[in-house]
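Nothing in this text is a laboratory measurement; each read-out follows from the coordinates by a stated rule. Small disclaimer: the values here were computed from a predicted structure and weren't measured. Because the Cβ atoms are built from the backbone with ideal geometry, glycine has one as well, and the counts that use them run over all protein chains shown.
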């Protein structure tokens with residue numbers, strides 16, 4: 001009963017925030033509405049006893065990422081109502097609506113036929129035993145089963161950092177004299 | 001306190017030797033970046049290239065030791081079953097390292113001419129090679145995805161590194177947006193497969209299909225996931241109808257990078273496809289082989305028809321690269337060991353042909369495009385380069401006594417053995433159609449009527465010339481005596497070993 005009430009309240013908060021993000025004329029308001037959605041999802045995670053996810057949701061998404069959004073919005077000076085009209089492509093909205101309907105139909109099909117579409121296997125990573133705390137399970141799978149993936153993300157981050165540096169650098173025009181000389 | 005709570009925790013056992021090639025490459029990339037940024041004087045560009053080539057060769061030597069170990073002790077897996085140590089990993093490690101070394105050498109002279117940032121180029125090249133090797137050796141879908149992202153993100157940046165050409169910016173933007181979409185498709189596919197089978201580990205996924213045996217039902221979720229993963233990988237290997245990025249990106253990117261995309265990145269995509277579909281999903285092969293067969297047929301036709309209508313040599317090579325993906329898919333859809341080793345042979349030989357081709361293109365291309373008419377009379381201006389380019393083009397056309405012929409032969413034979421005759425016939429017809437395009441470039445090069453007296457001198461830097469000659473020699477040698485490579489490819493069929 002309590003679960004249902006929590007879910008309904010959070011769902012309303014999430015959806016209100018989500019609609020607000022796209023409906024608000026002011027980008028700053030949109031970003032703040034996003035925080036609302038993210039908080040609602042964090043509470044839903046707690047209701048599912050995924051405490052770590054809830055904490056990460058608040059710290060990383062609601063904290064860091066939305067703050068970053070706000071920085072960008074304010075630094076670029078688009079914190080006033082901007083023309084966000086779409087319409088470069090004709091029929092874009094119709095097509096988007098069509099795809100949304102198809103996607104919803106697939107999800108709806110899977111939900112309605114849940115007994116015949118799911119295989120019923122349990123996850124093999126970080127198996128819940130109702131004794132070990134969630135965070136411990138996560139730590140164990142992160143540093144055991146997924147330790148290689150965990151370490152590899154550092155390679156991915158190095159690639160991203162180099163890419164950001166390379167792409168944001170200023171470029172002098174081609175020095176044709178020395179180019180000719182070197183050939 | 002927290003540590004005390006987990007005092008019984010023991011990390012997975014790690015076999016360091018098979019991981020050493022990747023580690024060497026990562027360390028080399030970091031050394032290049034550190035030395036060039038901390039050094040008070042400007043470090044010569046040759047330093048970056050030397051470190052890249054040196055580390056590539058060193059990693060290759062280590063890979064050869066690992067290969068000997070595998071032959072003695074059989075395949076294994078390490079780091080909690082996340083990394084597969086088998087002939088397949090080694091095969092693609094060596095393929096990637098060859099592409100890395102060749103691209104680094106070709107890129108060296110290109111960077112000098114275009115005054116690009118050499119240390120960043122080398123570092124990205126090394127780290128994308130790590131991504132490709134990780135993709136080929138991954139036994140876990142999460143690891144595979146991270147390898148894919150390291151490879152893709154590095155390539156997006158490398159495509160854009162020629163800042164003074166607007167085509168490069170356009171290419172990088174297109175590649176980035178479409179590539180991000182395809183990565184998302186792939187990741188969503190992984191999530192659904194995980195939901196259906198309960199694991200991201202390929203060994204466990206294969207084991208799941210073994211336990212359910214023939215009573216396969218309730219697999220809708222799995223099928224959707226499988227289809228999404230196929231879309232993601234088909235994009236990476238530029239198979240039609242997911243190839244639309246390829247011509248623009250290959251045309252706009254720096255030529256050495258285009259060659260690298262067509263070789264290492266394509267091979268890594270196929271490595272992932274083979275390991276996932278041929279090995280982990282082998283029990284459901286009746287479900288995915290028809291899809292891959294249709295995909296390969298479309299890819300072959302699109303690659304051929306579009307290639308012969310182009311006038312820009314880089315676009316021709318791009319569509320020909322689409323067509324070659326079609327041939328490899330013919331071998332993949334066979335879902336047999338012979339088919340897989342045919343695909344491996346094809347990818348290995350194609351690597352040298354395409355890197356050599358783009359190396360020649362990088363010599364000829366300046367700011368005014370790559371129209372086929374620029375190649376007129378090349379044979380009299382630079383005979384050796386013209387001979388090498390002719391070898392590459394004949395090889396890609398599948399002419400006997402080049403490695404391309406052996407590759408096409410093995411691929412078509414795998415389709416015949418699998419009794420998919422229509423696809424085998426289609427592959428042969430298509431190879432005749434594409435031959436027109438290759439011969440058109442060749443006849444341009446060897447045209448005697450063209451006056452080359454007032455053509456500008458074409459300078460051939462030493463490193464690029466070296467790569468072109470070596471690639472041409474490899475193409476001919478494996479066309480005449482392919483046996484050693486065929487055996488290597490046969491020993492490199494992927495296997496799955498559960499983690500200890």
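Over region B:227-332, what number does the Rg to Rh ratio reach, with both radii from the alpha-carbon atoms and Rh per Kirkwood?
Using only Cα positions, Rg/Rh for region B:227-332 is 0.99.
Treating only the Cα positions of the protein assembly as shown as identical point scatterers, give the base-10 log of I(q)/I(0) from the Debye formula at each q in 0.10, 0.12 Å⁻¹.
Log-scaled intensity ratios, in q order: -1.02, -1.41.
Over all directions, what mean area does the Cα convex hull of region B:245-300 project, stated in square nanometres?
Details: hull surface 17.5 nm².
That works out to 4.4 nm², a quarter of the Cα hull's surface.
Could you give the C-alpha radius of gyration of chain A expressed as a fraction of 2.2 N^0.38 Å, taking N as the number of residues it contains?
Compactness ratio reported: 1.47.
Based on the Kirkwood radius over alpha-carbon pairs, what is the Stokes-Einstein translational diffusion coefficient of region A:1-80 at 10 °C with 1.306 mPa s viscosity, in µm²/s? Don't skip to the answer; put the middle values down first.
Numbers: Rh = 13.1 Å.
The estimated diffusion coefficient comes to 121 µm²/s.
What average number of partner chain Cβ atoms lie no more than 10 Å from the Cβ of the residues making up B:149-161? Could the numbers behind the result be given before it?
Numbers: counts 6, 8, 2, 1, 5, 7, 2, 3, 8, 2, 0, 3, 3.
Counting Cβ atoms of other protein chains within 10 Å of each residue's Cβ and averaging gives 4.
Only Cα pairs under 8 Å and at least 6 apart count here; give the relative contact order of chain B as a rounded whole percent. Please list the in-between numbers first.
On the way: 855 pairs, mean separation 85.2, N = 500.
This gives 17 percent for chain B.
Most exposed first by the Cβ proxy, i.e. fewest other Cβ within 10 Å, how do B:263, B:55, B:337 rank? Each step should come with its number before you reach the end.
Working: B:263 29, B:55 26, B:337 13.
Neighbour counts put them in this order, fewest first: B:337, B:55, B:263.
At 37 °C and 0.692 mPa s, grab the translational diffusion coefficient of region B:15-491 from Stokes-Einstein with a Kirkwood Rh over Cα pairs, rounded to a whole number in µm² per second. Each step should come with its number before you reach the end.
Details: Rh = 22.3 Å.
Rounded, D is 147 µm²/s.
How large is Rg over Rh for region B:147-241, taking Rg from the Cα atoms and Rh as the Kirkwood inverse mean of 1/r across Cα pairs? Write down the numbers at each step before the final one.
Numbers: Rg = 17.2 Å, Rh = 15.0 Å.
Reported Rg/Rh (Cα atoms, Kirkwood Rh): 1.14.
Per DSSP helix of 4 or more residues, -39500 (n - 2.57); summed, then divided by the residues of the protein assembly as shown. What does that give at 222 nm, rounded to the nearest 500? Intermediate values should be presented prior to the final figure.
Values: 30 runs with 490 residues, N = 683.
Helices in the protein assembly as shown give a 222 nm mean residue ellipticity of -24000 deg cm²/dmol.
If you average the sequence gap of Cα pairs under 8 Å that are 6 or more apart and divide by the length of chain A, what percent do you get for the contact order? Each step should come with its number before you reach the end.
Details: 103 pairs, mean separation 27.0, N = 183.
Relative CO of chain A lands at 15 percent.
Roughly what would the spin-label model give for residue B:433 and residue B:487, points 7 Å off Cα along C-beta, in nm?
Using points 7 Å along Cα→Cβ, the separation is 3.9 nm.
In angstroms, what radius of gyration and Dmax does region B:431-485 have, counting Cα atoms only?
When restricted to the Cα atoms of region B:431-485, Rg and Dmax are 15.7, 46 Å.
Return the whole-Å distance between the Cα centroid of region B:195-271 and the Cα centroid of region B:412-427.
22 Å
Between rounded, prolate and oblate, where does region B:172-307 land on the alpha carbon gyration tensor, with a ≥ b ≥ c its root eigenvalues, rounded for a/c under 1.5, else prolate if a/b exceeds b/c? Present the calculation step by step, with values, prior to reporting the outcome.
Values: a/c = 2.41, a/b = 1.95, b/c = 1.24.
It comes out prolate by the Cα gyration axes.
Points 7 angstrom from Cα along the Cβ direction at residue A:90 and residue A:29: gap in nanometres?
Result: 3.3 nm between the two label points.
Would you mind ranking B:64, B:288, B:16, B:446 so that the residue whose beta carbon has the fewest other beta carbons within 10 Å leads the list?
Working: B:64 14, B:288 23, B:16 9, B:446 18.
Arranged by neighbour count, lowest to highest, B:64, B:288, B:16, B:446 become B:16, B:64, B:446, B:288.
Over 17 Å apart: what share of the alpha carbon pairs of region B:32-144 falls there, rounded to a whole percent? Walk me through the numbers on the way to the answer.
On the way: 3683 of 6328 pairs.
Tail fraction, whole percent: 58.
So, in nm, how far is label residue B:291 from label residue B:451 when the simple model puts each one 7 Å beyond its Cα toward the Cβ?
6.0 nm
Going 7 Å from the Cα of residue B:8 in the Cα-to-Cβ direction, what parts of region A:124-144 have a backbone nitrogen less than 17 Å from that spot?
A:126-141, A:144
What's log10 of I(q)/I(0) for region B:1-86 at q = 0.14 Å⁻¹, Debye sum over Cα points only, no solvent?
At q = 0.14 Å⁻¹ the computed log10 ratios are -0.68.
Work out, step by step, the length gained on full extension between residue A:3 and residue A:67: first 0.36 nm times the residue separation, then minus their alpha carbon distance; give nm to one decimal. Write down the numbers at each step before the final one.
On the way: separation 64, 0.36 × 64 = 23.04 nm, distance 3.09 nm.
That pair, residue A:3 and residue A:67, stretches by 19.9 nm at full extension.
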